[in-house]
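For reference, the structure is listed below as structure tokens.
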Amino acid sequence: MADHLFAILFILFISVAGLKLKSLTISGAIAAGFIGISIYTGFGYSGLVVLGIFFGSSSFWSKFKRDRKMSTSELLVKGDQRDAAQVLANGGVSALISIVHAFLPFEGSFAVYSASVAAANADTWASEIGTLSKKMPRMIFTLKKVKKGTSGAVSSLGTGAAFAGACLIGITAYAVFPLHEMDILLIVLFGFTGNLIDTVLGASVQVYYQCPVCGINTERYEHCQERSTKIRGFLNNDAVNFIAIFTASLLALLVY
């Protein structure tokens, strides 16, 4: 009982700390608390360690050289302070897997959970580190050069960051869960695959608008204090993130 109480207090402390550090909004802190408790219910402290590595490293990279990333703010709907929708988009699948495992343990649950976190971490690292590339990224389908921060664009730095982010979660999971060496490779593979799926969806079905005043293409439905015109897509960034992580986790589940 004491262990459970300590875990809950620890989760609440981390959520409040994220709020104080402006990594989370109020709604984001509440959602983070819900996800943390769900993961502790299914995977205990080991699950929290894997989640903590994701949250800590992602928060670090989102703050790292923020001034150099300001040029991408015109393209994005939200900033580096995550709200409930962003938190659930990145951690909702992991929480769902944890709850299912708590009541209906299944084969490969540790690896599937870790793959979901690896996918979220890979995508976040790709976005946050990739925008620091000195070269312009290219759209994944056309290879046309586009502005940094454009959904569906890739760069060598961002791709390398995605792989590194997935590797970090794979190694962490191996350290805290009863996994084999092959499981690390699979976690990294599905984590990186999640980032790739996110990129493909970002280039095809993610919604994009055009500002009627300045003409910029953006994820913002309002720009220059005017309503933007939709030019393609129907899913926002949060939906794309959730689907990519869910798909990567489902692939991992099918393998296991």
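The values are calculated or read from the model by the stated rules, or taken from the named source; none is laboratory data. It should be emphasised that the depicted structure is a prediction, and the values quoted were computed from it without experimental measurement. Cβ sites come from the backbone with ideal geometry, for glycine too, and all protein chains shown count toward neighbours. Only protein heavy atoms, including side chains, enter the accessible area calculation; ligands, DNA and RNA are left aside. Shrake-Rupley method; radii C 1.70, N 1.55, O 1.52, S 1.80 Å.
Going by the alpha-carbon gyration tensor, a ≥ b ≥ c the square roots of its eigenvalues, is segment 26-68 rounded (a/c under 1.5) or, if a/c is not under 1.5, prolate (a/b greater than b/c) versus oblate? Note, shape of segment 26-68 comes out oblate. With K and R counted +1 and D and E -1, the other residues having a Cβ less than 14 Å from that of Tyr174 yield a net charge of -2.
For a quick protection proxy, order the peptides 175-185, 190-200 by their average other-Cβ count within 10 Å, most packed first. Can you show the working numbers first?
On the way: 175-185: 14.3, 190-200: 25.2.
Sorting 175-185, 190-200 by mean packing, highest first, produces 190-200, 175-185.
Extent along the principal axes, Cα only, for segment 182-256: 53, 16, 16 Å, with the longest axis given first.
For segment 12-147, the C-alpha radius of gyration sits at 1.14 times the compact-globule guess of 2.2 N^0.38 Å, with N the residue count. For segment 87-135, the share of accessible area belonging to carbon and sulfur comes to 69 percent (1.4 Å probe, ligands and nucleic acids excluded). Between Ala17 and Leu250, the contour length at 0.36 nm per residue exceeds the Cα-Cα span by 80.7 nm. The stretch between Phe60 and Ile171 holds 38.1 nm of extra length on full extension. This uses 0.36 nm per residue minus the Cα-Cα distance.
Of the listed peptides 102-114, 160-172, 42-54, 5-17, what is their order by residue-averaged count of other C-beta atoms within 10 Å, with the highest listed first? Provide the component values of the computation, followed by the final result.
On the way: 102-114: 18.3, 160-172: 22.9, 42-54: 21.2, 5-17: 15.0.
Answer by packing, highest mean first, reads 160-172, 42-54, 102-114, 5-17.
Compared with the dominant principal axis of the Cα atoms in the chain, helix 84-103 is inclined by about 30°. For segment 132-240, the share of alpha carbon pairs falling in successive 10 Å distance bins from zero is 14, 34, 29, 16, 6, 1 percent. Helix 2-20 and the longest principal axis of the C-alpha atoms of the chain enclose an angle of approximately 10°. Under a 5 Å amide H cut-off, with hydrogens placed 1.01 Å from N, Arg82 pairs with Leu24, Thr25 among residues at least 5 apart or on other chains.
The calculated 222 nm mean residue ellipticity attributable to helices in the chain amounts to -22500 deg cm²/dmol, summing -39500 (n - 2.57) over DSSP H runs of n ≥ 4 and dividing by all residues. According to the Kirkwood expression over distinct Cα-Cα pairs, how big is the hydrodynamic radius of the chain, in Å? Over the chain, the inverse of the mean reciprocal pair distance is 18.4 Å.
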